[in-house]
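Data block below; observations after.
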Amino acid sequence: MKSIPTLVSLLEYVYNQGILFHVLIGLFIIESVLNLLFFKVGSLTYSD
């Protein structure tokens, strides 16, 4: 029965790491999109 808590904690650790990984990827994608938008807006304003 002692292996069950360790298995649960391992699953929780992997689940938490997965959430953190997805959050980091989401932030990276959002930052990339924002950079593209700002670059386009900046180029448009600079061209005027």
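The values are calculated or read from the model by the stated rules, or taken from the named source; none is laboratory data. Not measured: the values here are computed from a predicted model. Note: ideal-geometry Cβ built from the backbone for every residue, glycine included; neighbour counts use all protein chains shown.
Residues in the range 11-28 include none that are more than 16 Å from the chain's Cα centre (by Cα) and small (Gly, Ala, Ser). Each residue in the range 20-48 was checked for being β-branched (Val, Ile, Thr) and either surrounded by fewer than 10 Cβ atoms within 10 Å (Cβ to Cβ) or at pLDDT below 90 (or both), and 2 pass.
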